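The values are calculated or read from the model by the stated rules, or taken from the named source; none is laboratory data. Predicted model only: the values in this text are computed from it and were never measured. No Cβ is skipped: glycine too gets one built from the backbone with ideal geometry, and neighbour counts run over all protein chains shown. Side chains included, ligands, DNA and RNA excluded: accessible areas come from the protein's heavy atoms. Shrake-Rupley method; radii C 1.70, N 1.55, O 1.52, S 1.80 Å.
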Amino acid sequence: MEKTFAIIKPDAVERNLIGKILERIESNGFKIAAMKKAQLTPAIAKGFYYVHKERPFFGSLTESMCSGPVVLLVLEKENAIPAWRELMGATNPEDAAAGTIRKDFAVNIEKNSTHGSDSAENAAFEMSYFFSETEILS
Ligand code: ATP
Ligand code: MG
């Protein structure tokens, strides 16, 4: 079983999409190993997205991630990292495949409703950034 880290972003929480997104997660065979609602601060968002700190959208992205509460999740499934990214769809909803979360719910490339880890190394960093080991229940 592999674990990945996911966020339901402020744009989706604000539009009452938590339930619809969790439904897709569970109906696609993921177990929710950890979950909490949180309000990110600019410092926390910048630390989380530090790999993007040189990108032109870094300021806008981190501001958007602090615009309202998020839901932080650890998801478990076989090959959870690629499986969750496939279920989310492409970063830009215009490029996302039919039936993916971003195709169906994202507002635009920045307000794209969910986050998913892109490697085992980043998943480990991201899970530990928000959850202690005792909060992750396999
Ligand atoms: P995430 O890491 O959130 O799961 P991703 O891996 O599909 O998304 P990244 O390239 O890691 O995409 O970008 C991180 C986030 O930055 C994106 O989810 C999106 O919110 C934002 N972003 C990416 N590219 C752009 C862009 N060109 N303009 C504005 N925001 C962007
Ligand atoms: Mg990414």
message = Testing the spin-label approximation: label points 7 Å from Cα along Cα→Cβ at Glu121 and Thr41. State their distance in nm.
response = 2.9
The range 46-106: Rg to Rh, with Rh as the Kirkwood radius over Cα pairs = 1.00
inquiry  = What are the ³J(HN,Hα) couplings of the range 108-122, residue after residue, when phi is run through the Karplus curve with 6.51, -1.76, 1.60 and θ = phi - 60°? Round to Hz, x for glycine and proline.
reply    = 6, 4, 8, 8, 9, 6, 9, 10, x, 4, 10, 7, 4, 5, 5
remark   = Check: in the chain the Lys pairs 8 or more apart or on separate chains whose Cα atoms fall under 15 Å apart number 11
remark   = In whole percent, the fraction of accessible protein surface over the chain that belongs to carbon or sulfur atoms, probe radius 1.4 Å, stands at 52
Structure-based [θ]222 nm, the chain - -39500 (n - 2.57) summed over DSSP H runs of at least 4, per residue, nearest 500 = -10500 deg cm²/dmol
query = If you plug each phi of the range 89-103 into the Karplus form 6.51 cos²θ - 1.76 cosθ + 1.60 with θ = phi - 60°, what whole-Hz ³J(HN,Hα) values come out, in order, with x for Gly and Pro?
reply = x, 4, 3, 8, x, 5, 9, 6, 5, 4, x, 7, 4, 5, 4
